[in-house]
Amino acid sequence: MLKVVGADSLDDLFSSIPEDCRHKPNLHLPEPLTEWELNDFMAELSDTIAVSPQYSMFVGAGSYEHHIPATVSSLAGRSELVTSYTPYQPEISQGTLQGIYEYQTLAARLLGMEVANASLYDGASALAEALLMSIRITRRKKVAISSLIHPLYRRVVKTYLGPAGFELVELPYLANGRTDISKLGAINDLAAVAVQSPNFFGCIEDLQAIGKKAHEKEALSVTAFTEALAYGLLKNPGSQGSDIGCGEGQSLGIPQSFGGPGLGMFAGKMKYVRKMPGRLVGQTVDMDGKRGFVLTLATREQHIRRAKATSNICTNNSLCALTAAMYMASVGHTGIRELAGLNHDKCEYLKKGLEKAGFKITFDSPTFNEFVVKFPVGFETAYERLLEKKIVAGLSLATYYPELSDHYLLCVTETKTKEDMDELIKELGNY
Amino acid sequence: MKETLGTTGLILDEPLLWEKGKKGRCGFSLPRRDVVASPLDTELTGDGPDFPDLSEVDVVRHYTRLSTWNFGIDTGMYPLGSCTMKYNPKINERQANLPGFAGAHPLAPPSLQQGALQLMSELEQYLAEITGMDAVTLQPAAGAHGELTGMQIIRSYHKSKGSSRSKIIVPDTAHGTNPASAALCGFHPLPVKSNEQGVLSLDAVVEVMDEDTAGIMVTNPNTLGLFEENIKKIAEAVHSKGGLVYGDGANMNAVMGIVRMGDIGIDLMHLNLHKTFSTPHGGGGPGSGPVCVKSHLEPFLPVPRVIKRKNQFLLSEDFPDSIGKMQAFYGNFGVMVRAYSYILSMGHKNLRKASRLSVLNANYVKEMLKGSLHLAYDRPCMHECVFSDRFQKEQKISTLEMAKRLMDYGFHPPTIYFPLVVHGAIMVEPTETESKEEIDLFIDALKSIVNEAKEAPELLRQAPKKCKAKKMDETAAARHPRLAG
């Protein structure tokens, strides 16, 4: 090969790199490991991380522990799906393309929307993109967002919107754990009103009332979510008048994986499709008139439109979207209803049990699979002792809502048994 | 057409999910109901999403059939230029699926997460060493997300100096994400042309660089597969006007252990772990786009950052000048595990070797094909080379038709019609993981397609013939969008 290219050595191939640009010494990296050494080392690292079932985790807050069927893991690991690139050549990418078209359809049905895109990075960036889209549609520069949207999502929104000079107005929350929209009337020139439901406290928002208020102000109604499974049970955003539904799809068969990769879900109305960010797969026919699928409406995207694109996104979270479709197909209409119901009912069991044990449930609005509870002052030491018993008793809200010190956000999914919850109640009762 | 890899097997048709199944089926083992029902107010509940009800076998056959319609790097050579479709070692998948990594909750107390934080901290160090940079964030989810992070850092840097600059220089060979990321951050992208040699000249940059220009975005090696040989002088010129130099690391696969961008004037850059560091692309993602910076930009990196205090790894928010957060949590950790595992199994020697072989393979393809296809820039290339359809103009055969015909021979087509500066571009990146035999088959296939263009052009116009689908009507798809069933 060297002879063909007219070089005497591999070094000759790099003659176009000026001498003073070359790195001479060896990179300071560890010596290569064999497969077996690597396996041992990685297992050791992985073993230091506390996970279920050794630990009983009652933490959600944007990352949820759900059962993942063996079929989903196995199918999502099929190498033709895993090792392909973005389906720019449809004739040899029909697997990915039909799979993503099905994902778009199921995602749209879950959220009650007309069209879903092929995925964004995560729930937080999906919300930021939704707000940018609202700004493009309305040509206004201000958005109102609920203070009960996941605090970390709000920070991502701030990072995305700040430098471009857009204004964020935060809506306070009510004593019942829902967003206070009473001041909305006084805010003018809003591009969007964004809430999360179930919100960060687990409470289900009155999406219809919020949507109505947003539309009165000629703003878009944006509904974010961190727990996609909730819409197996709850009224979906589309049916409640939301214009954009966006959020995190990790609950749909995707491992928690320390927070990523997740799945940025994004759905909206057909009339706004040309303003939407991200890839879209559409149905068409091939030369023989047979049904097939292609990437479409690419003129919105960066590789065609460059600086004028609707978003800069290129690589998205396609395999996670496909995984979510596999999961939604596996549970089906019948299953998702039952599963979501089970999440709610189990969570109610813990909520009532804690109440009976004398703890105060802070907000009385209905919740899905998370809720806020007030523990006694100085609970931090008890929390640490519970950790030793391999119980993680929720997430402290003190960092995110300083006014809620001693308050904890607890989550119960279908993975928790009655015994797990009884034990938590018993242990908490001991402190 | 002589004997080739491309053939047809028994490919089974498969309807859409909702065209299958029967009410009441479920492919999911529903957990035991061990608590009483506690119905929600019916005001709040809906009818549940209109999903099909399918059995486990329905679902398994569905996706197994779909997967056979896909071409992946495990199927065959995938010489997609600038995408670095190298083989993705299976061992890395194994590591990412270990229960601790796959099951870690991002908000559990740090004392329960030490292994995950150690992995992130060490990966940051390795990437800093490979790029010659001082600090790294792993938070961006993909290359374009890294670019956006980089643009935010540049904006914050200038702001900290009390200035707000409105423009940024972006060469005409750049990926579309570069101007899009710059614009998203409020910068006006300023295009500059590459010279006759296919690289940026110092003069072209000096001409546009002024005190209202925040810096320059440079892909090096560039998308023509050429090393930007004037980079040091360009960086000096940009720095002298107070600007910063951003490196798009999409093409890092050419220079691991050979050039460190931090040593040649680049202030910050992103890497694509799903390219250079062999994590699979998943049909479009997830990826990971870490951003590496020199020390003067470290204060602006996204939070939280992994730090070590008293032998404990922690996540710290205590960086007041940070641009903020780009994702809810810490980035695509699952992708980081694979890249970390790749670096550990390669070591410095093999990373350098990988780059050297990727460059050898690309130059070999270039030499072997330059008589058959027009070579845009006839000079030594790095890890990819760019041809065009100029020789086929006479037969009225286009790049697209040659690309489609390659599928019949059993290869994924190269990147086509990019970079924009080469009309009808065919951009080939063989990567280091293809053997000479495989590359020779690819070369033979392209040569015989070039012959077919002369002797039987209809074969190209009708291509592909052997795939699951024939040529698709993309115009109809865009004109009457059907985006959900």
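Worth a mention:
- DSSP bridge pairs, the protein assembly as shown: antiparallel proportion in percent, nearest 5: 55
- The protein assembly as shown: calculated mean residue ellipticity at 222 nm from DSSP helix runs of at least 4, using -39500 (n - 2.57): -10500 deg cm²/dmol
- Using only side-chain charges placed at the Cβ, +1 for Lys and Arg and -1 for Asp and Glu, the dipole size of the protein assembly as shown relative to its Cα centre rounds to 1680 debye.
- When the convex hull of its Cα atoms is viewed from all sides, the stretch A:70-327 shows a mean projected area of 14.0 nm².
- Nearest 10 degrees, 0 to 90: helix A:207-216 Cα axis against chain A principal axis: 70
- The angle between the Cα long axis of helix A:418-429 and the longest principal axis of the Cα atoms of chain A comes to about 60 degrees, rounded to the nearest 10.
- Cleavage-rule hits (GluC sites (Glu not before Pro)) in the stretch B:130-224: DSSP loop, at most 16 neighbouring Cβ within 10 angstrom: B:196, B:211
- FRET efficiency, residue B:34 to residue A:273 (Cβ-Cβ, R0 51 Å, nearest 0.05): 0.70
- Radius of gyration and maximum dimension Dmax of the stretch B:92-345, Cα, Å: 17.9, 57
- Its Cα centre serving as origin, chain A has a Cβ charge dipole (Lys and Arg +1, Asp and Glu -1) of approximately 2100 debye.
- For the pair residue A:174 and residue A:47, label points projected 7 Å from Cα toward Cβ lie 5.3 nm apart.
- Approximate spin-label separation residue A:308-residue B:74, in nm, with each point projected 7 Å along Cα-to-Cβ: 4.3
- Ratio of Rg to Rh over the stretch A:75-147 (Cα coordinates, Kirkwood Rh, two decimals): 1.08
- Whole-number percent relative contact order across chain B, with pairs defined as alpha carbons under 8 Å at least 6 apart: 19
- Sequence-distant contacts, meaning Cα pairs under 8 Å at least 6 residues apart, place the relative contact order of chain A at 21 percent.
- Entries of A:183/A:213; A:271/B:20; B:161/B:325; A:269/B:471; A:183/A:212 with Cα pairs more than 20 Å apart: A:271/B:20; B:161/B:325; A:269/B:471
- For a modelled paramagnetic label at residue B:229, 7 Å from Cα along Cα-to-Cβ, the residues of the stretch B:172-209 in reach, with backbone nitrogen under 13 Å, are B:195-202.
- Cα gyration tensor shape of chain B, rounded if a/c is under 1.5, else prolate or oblate by comparing a/b with b/c: oblate
- Across the stretch B:121-257, C-alpha contacts under 8 Å between residues 6 or more apart give a mean separation that, scaled by the residue count, equals a relative contact order of 22 percent.
- Calculated P(r) of the stretch B:26-75 - Cα pairs past 14 Å, %: 73
- All-pairs alpha carbon distance profile, the protein assembly as shown, 10 Å steps from 0, percent: 2, 13, 23, 26, 21, 11, 4, 1, 0
- 0 to 90° range, to nearest 10: angle between helix A:379-388 axis and chain A longest Cα axis: 60
- By the Kirkwood approach, averaging reciprocal distances over each pair of separate Cα atoms, chain A gets a hydrodynamic radius of 23.8 Å.
- The residues neighbouring residue A:119, those whose beta-carbon lies less than 12 Å from its own, together hold a net charge of -2 under the Lys/Arg +1, Asp/Glu -1 convention.
- The Cβ shell under 12 Å around residue B:298 holds other residues with a net charge of -2, Lys and Arg each +1, Asp and Glu each -1.
- Summarised in one figure, the compactness ratio Rg/Rh of the stretch B:1-97, Cα atoms and Kirkwood Rh, is 1.15.
- Membrane-span-like helices in chain B, defined here as complete DSSP H runs extending at least 30 Å along the helix axis by their C-alpha atoms with mean Kyte-Doolittle hydropathy no lower than 0.0, are B:333-369; this is a sequence and geometry rule, not a statement about a membrane.
- At R0 = 41 Å, FRET efficiency that the Cβ-Cβ distance of residue B:474 and residue A:35 yields, to 0.05: 0.40
- Estimated dipole of the stretch B:280-333 in Debye, rounded to 20 [Cβ of Lys and Arg +1, of Asp and Glu -1, Cα centre]: 200
- Dipole of the stretch B:355-477, positive direction: furthest Cα of B:365, B:385, B:475, with charges on the beta-carbon: B:475
- Positive-end residue, the protein assembly as shown charge dipole about Cα centroid, Cβ charges, pick of A:281, A:2, B:243: A:281
- Highest-fluctuation residue, A:257, A:93, A:405 considered, GNM on chain A with Cα pairs under 10 Å: A:257
- Convex hull of the stretch B:355-477 built on C-alpha atoms - directionally averaged projected area, nm²: 8.0
- Given charges at Cβ of Lys, Arg, Asp, Glu: the protein assembly as shown dipole, positive-most of A:325, B:281, A:196: A:196
- The alpha carbons of the stretch A:198-268 give a radius of gyration and a Dmax of 13.0, 41 Å, in that order.
- Whole-percent pair-distance distribution, where bins are 5 Å wide, for the alpha carbons of the stretch A:1-44: 5, 15, 14, 12, 12, 12, 12, 11, 6, 1
Throughout, read-outs are computed from the coordinates displayed, never taken from laboratory work. The model shown is predicted, which means the values in this text are computed figures rather than measured ones. Please note: Cβ atoms are built from the backbone with ideal geometry, for glycine as well, and neighbour counts cover all protein chains shown.
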